[in-house]
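The values are calculated or read from the model by the stated rules, or taken from the named source; none is laboratory data. Everything numeric here is computed off the predicted structure, so don't read it as measured data. Please note: Cβ atoms are built from the backbone with ideal geometry, for glycine as well, and neighbour counts cover all protein chains shown. Side chains included, ligands, DNA and RNA excluded: accessible areas come from the protein's heavy atoms. Shrake-Rupley method; radii C 1.70, N 1.55, O 1.52, S 1.80 Å.
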Amino acid sequence: MKLADYVQELNKVKTLDPEQERRLWREFKEHHSMEARRRIIEAYQPLVFKTAMPFCKLDNIMDVIQEGTVGLIESVEGFEPARGVAFSLYAIYRIRGRMYRFLKEEGNADLVCLENDQDNGSTWLDKLVDTGLPVPEMAELHMASDVVMTAMNRLPRKEQLVLNKIFMESQEVKEVADMLNVSTAHIYRLQKSGVRRIRGMLSKFMHNWK
């Protein structure tokens, strides 16, 4: 599929209102409805497209989008609605991680720095074109991104490295363990500790966000 065809199909995607989304999550997580799963993935496809837009001039942009879609599917499978965290926040890092890992493997590692471009004071979210996500959701993504990244930057160095590798670059635990020359059990401990610290730092934010 060409990018133009993909965008044309994307424009047909209907966003979900909060009650529709809650119902679909219940049907998928409690009753294993594949139709509910499909509708959730479809509704969040614009988030994949937005994340891929900094790389829209690449010849393999559709491969980048495909990798992002894999990240989206993984997020849908692993998401736990009962935790009270917005799915868009949960999914965005897995989507980005999949894309960036693919770009590095394809020899486009230099492009990954796009989201850190501060020349004009913008963040990676400011670079994403408008494809129809509701304004409240985009505002949520901006706020959440800033809060999470601030929390990440406050972590001890090893915990920050592990969470970045696993959640943002989609690396397997064994890969990270081999890189750091430690056991997988040690990586799991660092991951658990880092997540616990972030949850603590974000507890007030999450309470006000629900």
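Okay, here's what the table says:
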item	result
Residue ID - least open to solvent (accessible area, probe 1.4 Å), chosen from residues in segment 164-195 that are more than 22 Å from Tyr90 (Cβ to Cβ) and small (Gly, Ala, Ser)	Ala177
Of all residues in segment 152-171 being within 16 Å of the chain's Cα centre (by Cα) and in a helix (DSSP H, G or I), the one that is modelled with the lowest pLDDT	Met168
First in segment 65-85 and in contact (Cβ under 8 Å) with a residue 24 or more places away in the chain, second anywhere and outside any helix (DSSP H, G or I) and not small (Gly, Ala, Ser), Cβ under 7 Å, 6 or more apart	Leu72/Tyr44; Gly84/Lys210
Filter pass, Leu16 being more than 18 Å from Ile166 (Cα to Cα) and either open to solvent by less than 20 Å² (accessible area, probe 1.4 Å) or part of a loop (DSSP other than H, G, I, E, B) (or both)	yes
In segment 74-100, the residues that are under 8 Å from the mean Cα position of the chain (by Cα), under 22 Å from Asp17 (Cβ atoms) and not small (Gly, Ala, Ser)	Leu89, Tyr90, Ile92
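Here is a yes/no grid of residues against (1) of a type outside the set (Val, Ile, Thr); (2) under 30 Å from Val162 (Cβ atoms):
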{"residue": "Gln8", "(1), (2)": "yes, no"}
{"residue": "His32", "(1), (2)": "yes, no"}
{"residue": "Ile40", "(1), (2)": "no, yes"}
{"residue": "Val70", "(1), (2)": "no, yes"}
{"residue": "Arg96", "(1), (2)": "yes, yes"}
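Here's the yes/no breakdown for (1) open to solvent by 20 Å² or more (accessible area, probe 1.4 Å); (2) aliphatic (A, V, I, L, M); (3) modelled with pLDDT under 90; (4) not in a loop (DSSP other than H, G, I, E, B):
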{"position": "Arg23", "(1), (2), (3), (4)": "yes, no, no, yes"}
{"position": "Lys29", "(1), (2), (3), (4)": "yes, no, no, yes"}
{"position": "Ala36", "(1), (2), (3), (4)": "no, yes, no, yes"}
{"position": "Val48", "(1), (2), (3), (4)": "no, yes, no, yes"}
{"position": "Pro54", "(1), (2), (3), (4)": "yes, no, yes, yes"}
{"position": "Leu58", "(1), (2), (3), (4)": "yes, yes, yes, no"}
{"position": "Ser75", "(1), (2), (3), (4)": "no, no, no, yes"}
{"position": "Arg94", "(1), (2), (3), (4)": "yes, no, yes, yes"}
{"position": "Gly97", "(1), (2), (3), (4)": "no, no, yes, yes"}
